[in-house]
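Beneath this line is the structure, given in structure tokens, with notes to follow.
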Protein chains: 2
Amino acid sequence: MKADIEIAREASMKPVLDIAAGLGVDAGHLVPYGHYKAKIGLDYINSLRDRDNGKLVLVTAMSPTPAGEGKTTVAIGLADAMNRLQKRASVCLREPSLGPCFGLKGGAAGGGMSQVVPMEDINLHFTGDMHAIGAAHNLLAAMIDNYIHWGNDRRLDLRRMTWRRVVDINDRQLRQIVTGIGGPANGFPMEAGFDITVASEVMAIFCLARDLQDLQRRLGNIVIGHTREKEPVTAAEVQAPGAMTALLRDALAPNLVQTLENSPAFIHGGPFANIAHGCNSVIATETALKLSDYVVTEAGFGADLGAEKFFNIKCRKSGLVPDVAVIVVTVRALKMHGGVARDALDEEDVTALEAGLENLGRHIRNCGQYGVPLVVAINHFASDSDAEIAAITTYVAQRGLKAHLCTHHRDGGGGALGLAEDVISLADSGRAQFRTLYDDHLSLWEKARTVARAVYGADELDADQKVRDQFAQFEEEGYGHFPVCMAKTQYSFSTDPQQMGAPSNHRVKVRELVLAAGAEFLVVVCGDIMRMPGLPRKPAANNIHVNAQGQIEGLF
Amino acid sequence: MKADIEIAREASMKPVLDIAAGLGVDAGHLVPYGHYKAKIGLDYINSLRDRDNGKLVLVTAMSPTPAGEGKTTVAIGLADAMNRLQKRASVCLREPSLGPCFGLKGGAAGGGMSQVVPMEDINLHFTGDMHAIGAAHNLLAAMIDNYIHWGNDRRLDLRRMTWRRVVDINDRQLRQIVTGIGGPANGFPMEAGFDITVASEVMAIFCLARDLQDLQRRLGNIVIGHTREKEPVTAAEVQAPGAMTALLRDALAPNLVQTLENSPAFIHGGPFANIAHGCNSVIATETALKLSDYVVTEAGFGADLGAEKFFNIKCRKSGLVPDVAVIVVTVRALKMHGGVARDALDEEDVTALEAGLENLGRHIRNCGQYGVPLVVAINHFASDSDAEIAAITTYVAQRGLKAHLCTHHRDGGGGALGLAEDVISLADSGRAQFRTLYDDHLSLWEKARTVARAVYGADELDADQKVRDQFAQFEEEGYGHFPVCMAKTQYSFSTDPQQMGAPSNHRVKVRELVLAAGAEFLVVVCGDIMRMPGLPRKPAANNIHVNAQGQIEGLF
């Protein structure tokens, strides 16, 4: 099979004006970025408020393994298949970060015959949203330190400043630094550090904001540190939110591109799925729902993290109501959960696969709690055997669900028609009775405990007294109504990445709390969370270049 | 008079497609960014190679003072005036940095009735070039440290790493930092720091590159540090230039916008005028020359820095041939050079002004050395008296030149018609016999000495033995044919910013050399050079916000 970038380069793209026209959007409401990317104007989006929404389909997955699952390709293939079935369907995805693109993972625009295009643009600067978010974040950092520099070091406690900086590159060297050395002209010496841009609270806020005014309000609520009396200090104090919003104004309009099969694709915002909620922007999803009969979207990592946050944070805070959830599995990943080593995945092993199915089983049980009809998508690989696929189908059928073998990676939308028919039928059935997992009025501790028990299958949530006191303090400070944003390893239901399958009788320990007062959730950190990846020994960037025809080579 | 942003908001902009059509460029050769900004495709630009060039007019200035001079408004007003005279004229300017925009200086898109629009876009993210340059710069930094992290710490000497990082924000706190603390997973502890993006060598390279391949080649030549044996190590060694070029590919196409009077404006690239050469990109200027009969461009700071580098670096390296140079003065700035305090500038003071005219005289003498006809533009302020203006006109006439009073800030192109007629006549006269100030084959030391003596009026160039040895070393390493890029204060011909007017009998001491092997010049640092500004006590950002209509307020 050809490389993704070759397939992408040979795509028969339609002008984005035509893609928009297919959604009923006039050219006058678009801000074009080249001929194949556009932003949809916020004024126009406001004018759609009274329209009915289409049906919302979440694509989530089993617990990820190095073998790969393929949520993004399933989401794209499913939207393409729906369009082949003459339905007006769009796909909503997150914006890729430059970090993984130049590091280990490559691009994040799908793959094979299920890609969004123009692939190079989407993977690199796209419409500049990531840069705008980084600039807004770092402007706040500079304004905080400047505020201190000019005489407010008695107001803000230098030892209690919590706002870091960001860069959209994997740069381990910047994780932990000391700034402000070299004398008074360079500020006060302080401990500091950089996260990757997608880990910024500004990104989370951007993805949850309803409009520009809501964005400006939320930015003002960001807690940047504390006074010597331990009172929280917000971004509003340093008068940064206005300028930050100015930097984000254009970015907040959602981006429209297309799939290889010319289905509309909204790609907008891309927060981490551990330290943040891992879904594309509310504005993009809402816009897609106003303009499409069916909207397929994805959430980061496995369903224990991505779907949980999609339902309990994004849907709760935005009022979005999901109609169907698709759980993506692969034979290879199930075998890894059943104990097969990565280099033995090509061999048939039904026994191991059956052992690994308990991972899927737990996700099915979990997702059932949200009142949304479920369907399983088997993302097909050439090495899959018929017996292995049959074992999945049988297992899923025993749980009252259907599993669809999907060959969209090789065949495009034509490889996901069975899945699409089932999803359409479930979405139209009116069976969905969406509910969140916990109510706003539960305490923060109880919310985290509910997720740990009902989703992770833990016996109990633990924390040292210091962390328990912090929970109580955030309640006192008035943040008790926030949902929790759980940050734990994506590789296991437990906090131990080595425990594959569906571990039970484990306990979840909260290591740290991070308040995201602007994003309006409390990050509950259980385990080591990487907010700034490093580059591998041989970064993907080593092989990327521009050829004599001005084309980019080496992106994948 | 209305605020700049109000004037800009009321502009009758034409669609950028119409602006391009006026230059004979079909829509198919444009990459639109919204309706009022576009990039002109590099393939199309290549197809123009055999066309004749229009006439090239440089706008430069006397030594800057806090009173302001107004090179940018003169350049815009002049191009507008030429268009009013039915000439096909374009203006070429640098891209603004976010740093000053949120700091002290405000935007950099002209002012009054001589602005380029859309003003908010140009001042904020524009078409993303600045972000692309920053990302390319920081990708290299991450790849260097990653290369060291994975076992090449014996190859690259940690103590001799010279590649810093950049951010497009005034952030003094990042000037001098220690990175890589927190243990082996975070890299080696190293001294490091951030410059503002416009001070990046990547920016200088971007502005001098002829095409993508030349860009990729130059990026590979960047010296990032030295081995223990003091051998230079380049960016090519860490395999970064390809990915950096991929990040810069779209950015390298020049940006087309318009003035308030719908004259075409090319705004592309914006290097510092001390540590770098302070001119917009060669590609933009060349493209404008192929598409226009007259092209007005500007260079940073006063003529001792900006014009010198425009002639001796940009024109030398690109083969561009200037036809006329305009020297901008103001009554207020001349009075400051004559000793008047900033708060007394509203009062008439012909004596002080006449004393200050020696600053202009030196610039006239200097610019005469390049064989290009000169004209003086007096950028009019309401406080100017007739006697003061007459004194300038007389002084200039005594030197065989004309001075034109320009009211373009208030009147648009109509306020610079006299200047335009004179510039057109000089450009068409064929009088220009452009020559650079020194030949390539002079030694690096002699090149710097020539600028110090012939431009700054210094008696001699000085340097400690260590710096002299460095000069010799760069000759040995094969960089002797590079031009020099002088970095000194913009406020004085000397290296002492307090010495206004036209100081003589001073000596210029070289403090430090910085090789820009990719940009292909040697930076000769004479005095303290700020590569990372700080925010003032009350930054402009404090007052910027987005109003209920989604408009940006507070930009100026």
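The values are calculated or read from the model by the stated rules, or taken from the named source; none is laboratory data. Given the structure is predicted, the values throughout are model-derived calculations rather than measurements. Cβ atoms come from the backbone with ideal geometry, glycine included; neighbour counts cover every protein chain shown. Surface areas here come from the heavy atoms of the whole protein model, side chains and all, with no ligands, DNA or RNA. Shrake-Rupley method; radii C 1.70, N 1.55, O 1.52, S 1.80 Å.
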Between copies, how close do the B:D440 label points come, placed 7 Å along Cα→Cβ, listed in nm from shortest?
7.1
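Which FRET efficiency value, to the nearest 0.05, do you get for B:R453 and A:S12 by plugging their Cβ-Cβ distance into 1/(1 + (r/R0)^6) with R0 = 60 Å?
Efficiency, rounded to the nearest 0.05: 0.40.
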Under a 1.4 Å probe, what is the accessible area of segment A:342-412 per residue, stated in Å²?
44 Å²
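Relative contact order (percent) for chain A, with alpha-carbon contacts under 8 angstrom and 6 or more residues of separation?
Numbers: 1259 pairs, mean separation 117.0, N = 556.
Across chain A, relative contact order equals 21 percent.
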Just to be sure I understand: if you take the accessible area of chain B alone plus chain A alone and subtract the pair, with a 1.4 Å probe, what total do you get in Å², rounded to 100?
6000 Å²
Separation of segment B:413-446 and segment B:266-324 by C-alpha centroid, Å?
12 Å
Residue-level accessible surface for A:Y479, protein heavy atoms, 1.4 Å, Å²:
40 Å²
Where Rh denotes the Kirkwood radius from the mean inverse Cα pair distance, what is Rg over Rh for segment A:391-538?
1.07
Run the 1.4 Å probe and let me know the accessible area of A:F434, rounded to the nearest 10 Å².
50 Å²
Expressed in angstrom and rounded, the centroid-to-centroid distance over alpha carbons for segment B:450-488 and segment A:29-69 is 57 Å
Determine the relative contact order of segment A:172-246: mean sequence separation of Cα pairs under 8 Å and six or more apart, normalised by residue count, in whole percent.
19 percent
Mind checking the per residue accessible area of segment B:130-241 for me, 1.4 Å probe, whole number of Å²?
32 Å²
Roughly to the nearest percent, how much of the accessible area of segment B:1-141 is carbon and sulfur, given a 1.4 Å probe?
49 percent
Along segment A:318-332, what does the Karplus equation 6.51 cos²θ - 1.76 cosθ + 1.60 (θ = phi - 60°) give for ³J(HN,Hα), rounded to whole Hz, x for Gly and Pro?
9, x, 5, 10, x, 10, 8, 10, 10, 9, 8, 10, 10, 4, 5
Rounded, prolate or oblate: pick one for segment A:444-526, where a ≥ b ≥ c are the square roots of the eigenvalues of its C-alpha gyration tensor, a/c under 1.5 means rounded, and failing that, prolate if a/b is larger than b/c, else oblate.
prolate
Give the range of the longest stretch in chain B that excludes all GluC sites (Glu not before Pro) found in loop regions by DSSP and having at most 13 other beta-carbon atoms within 10 Å.
B:11-228
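Can you give the net charge of the other residues whose Cβ lies under 13 Å from the Cβ of A:S425, counting K and R as +1 and D and E as -1?
Local charge sum for A:S425: 0.
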What do you get for Rg/Rh of the protein assembly as shown when both radii come from the Cα atoms and Rh is the Kirkwood radius?
0.99
Treating cross-link reach as a plain straight distance, find the lysines whose alpha-carbon is under 28 Å from the alpha-carbon of A:K37, omitting any fewer than eight places away in the same chain.
A:K2, A:K14, A:K55, A:K71, A:K87, A:K105, A:K290, A:K314, B:K14, B:K37, B:K39
Taking each residue in B:187-196, count the Cβ atoms of any other chain within 10 Å of its Cβ, then average. What number comes out?
3
How many percent of DSSP beta bridges within segment B:130-241 run antiparallel, rounded to 5?
70 percent
How much of the accessible area of segment B:479-536, in percent, comes from carbon and sulfur atoms when a 1.4 Å probe is used?
46 percent
Please report the accessible area of A:W163 (heavy atoms, 1.4 Å probe, ligands and nucleic acids excluded) in Å², nearest 10.
40 Å²
Would you mind classifying segment B:130-241 by shape? Square roots of the alpha carbon gyration tensor eigenvalues, ordered a ≥ b ≥ c; an a/c under 1.5 is rounded, otherwise it is prolate if a/b is larger than b/c and oblate if not.
oblate
Put B:M190, A:M161 in order of accessible area, largest first, 1.4 Å probe: what do you get?
A:M161, B:M190
With no solvent and one point per C-alpha, what does the Debye sum give as log10 I(q)/I(0) for chain B at q = 0.10, 0.11 Å⁻¹?
-0.80, -0.98
Computed magnitude of the charge dipole of segment B:130-241 (debye, nearest 20; Cβ of K, R +1, Cβ of D, E -1)
180 debye
How far apart are the B:F556 label points across copies, placing each 7 Å from Cα toward Cβ, in nm, shortest first?
5.5
Helix-derived [θ] at 222 nm for chain A: sum -39500 (n - 2.57) over DSSP H runs of at least 4, divide by residue count, nearest 500?
-9000 deg cm²/dmol
Counting Lys +1, Arg +1, Asp -1, Glu -1, what net charge surrounds A:G400 among other residues with beta carbon under 14 Å of its beta carbon?
+3
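On average, how many beta carbons from a partner chain sit within 10 Å of the beta carbon of a residue in B:21-32?
1
Once you average over the residues of A:37-47, how many Cβ atoms of partner chains fall within 10 Å of each Cβ?
If you average over the peptide's residues, the count of other-chain Cβ atoms is 1.
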